[in-house]
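Working notes, structure below.
The values are calculated or read from the model by the stated rules, or taken from the named source; none is laboratory data. Predicted model only: the values in this text are computed from it and were never measured. Cβ placement follows ideal geometry from the backbone for every residue including glycine, while neighbour counts extend to all protein chains displayed. Just the protein is used for accessible areas: all its heavy atoms, side chains included, with ligands, DNA and RNA removed. Shrake-Rupley method; radii C 1.70, N 1.55, O 1.52, S 1.80 Å.
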Amino acid sequence: MSPNPTLAASLTVASCLLLACGAPPQNGQPSRNNLDPVVEIGPAENLRLPEPYATPVALRRPKIIGWPAGHAPAAPPGFRVDRFAEDLENPRSLYVLPDGDVLVAESDRMDEVAIGPSANRITLLRDADQDGSPEVREVFLTGLNQPFGMLLLGGSFYVANTDGLVRYPYRPGQTRISAPGEKILDLPAGGEHWTRNVIASADGSKLYVAVGASTNVDEERIDVNDERRAAILEVNPDGSQMRVFASGLRNAVGMGWEPETNTLWTVVNARGYLGDQLPPDYFTSVQEGTFYGWPYSYFGQYEDPRKKGERPDLVARAVAPDYALGAHHAPLGLVFYNGAAFPQQYRGGAFIAEHGSVGRANFVGYKVLFLPFQNGQPSGLGQDFLAGFIANEETSEVYGRPTGLAVLLDGSLLVSDDVSRTIWRVSAAGAENSNRSN
């Protein structure tokens with residue numbers, strides 16, 4: 001079954017509150033019309049953004065209560081949601097090996113808002129009979145430093161730790177890597193954003209590594225001194241010839257190749273403390289050599305008042321992202337659907353895990369979003385695919401927060417839920433028996 005278009009439309013309407021707002025940039029410069037309603041979700045050309053500080057700056061953290069027995073997130077009709085794995089330590093990103101084994105990076109931030117100590121390991125889950133319940137659970141790698149990104153390329157397994165890219169020898173089918181790794185690329189550690197992701201080009205000749213900024217808008221003048229921050233880096237598989245592929249991306253996390261055009265796309269966490277509906281987090285294609293504005297401007301050429309007049313040359317260069325996800329939704333996971341088990345309308349589209357807001361008066365995000373694609377671009381509004389993570393908005397209680405995404409070999413979708421220590425498996429009705437017989 002297709003997602004409910006009425007629900008998707010209502011979510012968009014809900015984001016269009018009557019506030020002082022701005023129109024998209026015209027002739028390279030932003031213009032605003034205070035009579036227009038705010039539109040903070042959708043294609044860049046349709047946005048109407050509010051003025052900075054049009055609404056108060058909010059801070060509202062969720063209270064995690066976990067999932068009661070018998071409860072699970074809600075998927076559209078025609079889909080089933082099951083627990084794939086439980087009792088993990090802050091499961092973040094997911095990676096599926098060619099033989100179907102699932103790797104889970106268990107790690108956390110290291111500050112006062114961390115759930116607990118970072119496990120600093122990768123766990124392997126093996127579901128050989130594809131019944132949705134792994135028979136094997138082994139520690140795959142330990143002694144890591146806040147691991148997030150994972151990649152298998154040839155005979156090498158790569159881990160993107162917070163402080164560097166490490167390469168290990170890998171044999172197909174092994175359940176544990178005991179050989180020492182080789183750090184092939186230093187990365188800047190510390191600061192506000194600790195995750196580092198990695199993805200390979202289709203031919204395996206280049207790796208792309210996402211590194212977030214260490215600050216909100218670099219008022220501390222820290223990030224300006226390190227070109228690797230707030231950027232996607234390109235590097236050879238041996239770690240040589242590192243260069244900045246794209247910059248001005250405050251915190252790019254999930255990355256994926258759009259299957260029709262083989263273009264790199266990413267989800268990005270935008271800056272904070274400009275108001276409830278500003279600026280939008282976003283989902284965008286990433287073009288080589290492009291500057292996306294951070295910290296001097298947001299969503300193209302809207303100049304941040306905290307950086308006013310500092311770098312008009314870079315503001316003029318800033319490119320607007322393709323699709324706005326809404327302010328403070330905190331998108332982390334991204335996967336383009338390459339399976340065959342889901343209905344046709346999902347093929348080639350993008351799933352995005354929105355971790356959920358902590359800087360907005362009312363909770364937003366806390367769901368997995370689906371965006372259909374045609375001709376290499378989003379072809380409609382985002383549709384809620386996996387929801388129900390908010391338990392009680394009045395008491396700020398949530399069951400969990402979706403984080404990472406992966407497509408299994410049988411075409412089902414895995415969703416990591418870090419704070420509830422769970423991985424969910426979403427399967428299409430009617431696909432179960434046929435998948436298990438293959």
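Of the residues making up segment 342-349, one or more are farther than 24 Å from L94 by Cβ and open to solvent by 50 Å² or more (accessible area, probe 1.4 Å). Among the residues in segment 147-168, are any assigned to a strand (DSSP E or B), open to solvent by less than 10 Å² (accessible area, probe 1.4 Å) and closer than 18 Å to S412 by Cβ? No, the conditions are met nowhere in segment 147-168.
Checking segment 188-197 against the condition returns no match, with no residue being farther than 16 Å from Q146 by Cβ and in a loop (DSSP other than H, G, I, E, B). Counting only strands (runs of 3 or more DSSP E) that sit wholly inside segment 35-101, not one has at least 2 residues that are in contact with a Cys (Cβ under 7 Å, 6 or more places away or on another chain) and open to solvent by less than 50 Å² (accessible area, probe 1.4 Å). Taking segment 402-413 as the range and being assigned to a strand (DSSP E or B) and either of a type in the set (D, E) or surrounded by fewer than 23 Cβ atoms within 10 Å (Cβ to Cβ) (or both) as the test, the residues that pass are A406, V407. Taking residues in segment 195-221 that are on the phi > 0 side of the Ramachandran plot, and partners anywhere that are in a loop (DSSP other than H, G, I, E, B) and not acidic (D, E), the pairs with Cβ atoms closer than 8 Å and at least 6 places apart or on different chains are G204/G154; G204/P237; D218/P295.
Residue by residue, here is whether (1) open to solvent by 10 Å² or more (accessible area, probe 1.4 Å); (2) in contact with a Leu (Cβ under 7 Å, 6 or more places away or on another chain) holds:
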| site | (1), (2) |
| --- | --- |
| T284 | no, no |
| G289 | yes, no |
| Y296 | yes, yes |
| D304 | no, no |
| E310 | yes, no |
| L314 | yes, no |
| V319 | yes, no |
| A324 | no, yes |
| L332 | yes, no |
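Residues in segment 369-422 that are among the charged types (D, E, K, R) and in contact with a helix residue (DSSP H, G or I) (Cβ under 8 Å, 6 or more places away or on another chain): D384, D410.
The residue list E310, E303 contains one member that is in contact with a helix residue (DSSP H, G or I) (Cβ under 6 Å, 6 or more places away or on another chain) and not basic (K, R), which is E303.
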